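Below: one structure, written as structure tokens.
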Amino acid sequence: MLILTKSMLSMMIGFILSVGCGVVVIPLLRKLKADQRVSIYLEEAHKKKNGTPTMGGIIFIFPTILTIFLLYLMDKIELSYSLFIVLFSFIGYGLIGFIDDYLIIKRHNNKGLTEGQKMIMQLVIAVVFFYLFMKGGNEPLLWVHTIGLKIDIGWIYGLFILFVLAASSNAVNLTDGLDGLAGGLSAIAILSFGLISWNTGWLEGYEELAILCFTLIGSLLGFLIFNVNPAKVFMGDTGSLALGAFLGSIAILTRHELLLVVIGIVFVLETISCLIQRFYYKLTKKRVFPMTPIHHSFEKWGWKEGDIVKLFWVIGLLGAMVATAFGVWL
């Protein structure tokens, strides 16, 4: 029960610090004119959002790190190796997003880092993550816990880790298009991984990973106070890339990489819709969906933004519940 108590304490601290951070940071972002222009393809539906500050990922990234540091000073947790490498990818990808958001703000348009630049930076951090992961004594295994199957895939596992981190970070980034959508879905997914982390007693630092998950959930709940419709701040790439990397890192460390597909089912569907649209358009010059990611198609079909977010949250919650039952009980 002690780990549960610590998790609830960390979530509460993360929430309080996040709300306080939002109260301070949002006016500062407005003063700095850190707003992101709405895409020309969305101006009709989202024109009211022009002028809303971006880079709001700071509101949950900083409180999460600060909470972990405070818990360490209070001697409530230890700074384990597993905790360190997750924080490394979380902060690293957050910095990539920060640079992208900064360039967008500076140029007063939606052109930040190019896709190539962003991908190279993501891959560099993923390579370092893989090095740290293997140096920690981990084996290159694909592990299906339910049936006790372990497959040694050797050096291919390195490419697999690169794919997981890049795919998860970009999937959350694509999903961040409606008020509260990516933040709420991330909180749900991280809750699932927090529960799974509790069950990975074989992993060094598993308690700290679970506490980190619940800390971030608390910080995200604080952020959502400012991000649900009508949003007072957007998380920007600062937040979305950091959240995606966090999910990917936890999945890798707990050896539930394959289960990430179910836990992040909405993120997966959003990404698949973009891939289908892109490839089909290249082949036929026609579109499968009115607009991608798929949440924008729902807008084109006449759905209200709040209803789309609620529907996607429910789908994400169902996926997370199934995955948690599979990953913990079965």
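Points worth noting:
- Ordering Tyr206, Tyr280 by the number of other Cβ atoms within 10 Å of each residue's own Cβ, fewest first, gives Tyr280, Tyr206.
- 25 °C / 0.890 mPa s Stokes-Einstein diffusion coefficient of the stretch 172-256, Kirkwood radius on C-alpha pairs, µm²/s: 188
- Alpha carbon centroid spacing (whole Å) that separates the stretch 151-220 from the stretch 289-330: 17
- Helix 2-31 and the longest principal axis of the C-alpha atoms of the chain enclose an angle of approximately 30°.
- The stretch 47-97, Cα convex hull volume normalised per residue, Å³: 85
- Computed over the chain, the alpha-carbon pair-distance distribution with 10 angstrom bins reads 6, 27, 36, 23, 8, 1, 0, each value a whole percent.
- Residues Leu66, Leu241 arranged by fewest to most Cβ contacts within 10 Å: Leu66, Leu241
- With the helix formula -39500 (n - 2.57) applied to DSSP H stretches of n ≥ 4, the chain reaches a computed 222 nm mean residue ellipticity of -23000 deg cm²/dmol.
- Residues whose amide H lies under 5 Å from that of Asp35, counting only those 5 or more places away or on a different chain, are Thr54; hydrogens are built 1.01 Å from N in the peptide plane.
- A straight chain from Met134 to Ile272 at 0.36 nm per residue would run longer than the Cα-Cα distance by 46.6 nm.
- Reach of Lys6 by Cα under 17 Å, taken over aspartates and glutamates that are not fewer than 8 positions away in the same chain: Asp75, Glu78, Glu207, Glu208
- Residue pairs exceeding 21 angstrom between C-alpha atoms, taken from Lys31/Lys310; Lys48/Lys304; Lys49/Lys300; Lys111/Lys285; Lys31/Lys232; Lys232/Lys310: Lys31/Lys310; Lys111/Lys285.
- With contacts taken as Cα pairs under 8 Å at a separation of at least 6 residues, the chain carries a relative contact order of 27 percent.
- The chain: angle of helix 115-135 to the longest principal axis, Cα-based, in degrees nearest 10: 10
- Distance between the 7 Å Cα→Cβ label points at Leu70 and Met8: 1.8 nm.
- Linear extension gain, Lys282 paired with Leu32, 0.36 nm per residue minus alpha-carbon span: 86.0 nm
- Three semi-axes of the equivalent ellipsoid, the stretch 74-121, Cα gyration tensor, whole Å, largest first: 32, 13, 4
- Exposure proxy ranking, count of Cβ atoms within 10 Å, fewest first, for Val261, Val86, Val164: Val261, Val164, Val86
- Mean separation of Cα contacts under 8 Å (6+ apart) over length of the stretch 208-321, as relative contact order %: 21
- Label separation (Val24 vs Phe163): 4.3 nm, computed from points 7 Å beyond Cα along the C-beta direction.
- Nearest 10 degrees, 0 to 90: helix 156-175 Cα axis against the chain principal axis: 40
We did not get these values from a lab; they are worked out from the coordinates using the rules stated. These numbers were taken from a predicted model, which means no experiment stands behind them. Note that we place each Cβ from the backbone using ideal geometry, even for glycine, and neighbour counts take in every protein chain shown.
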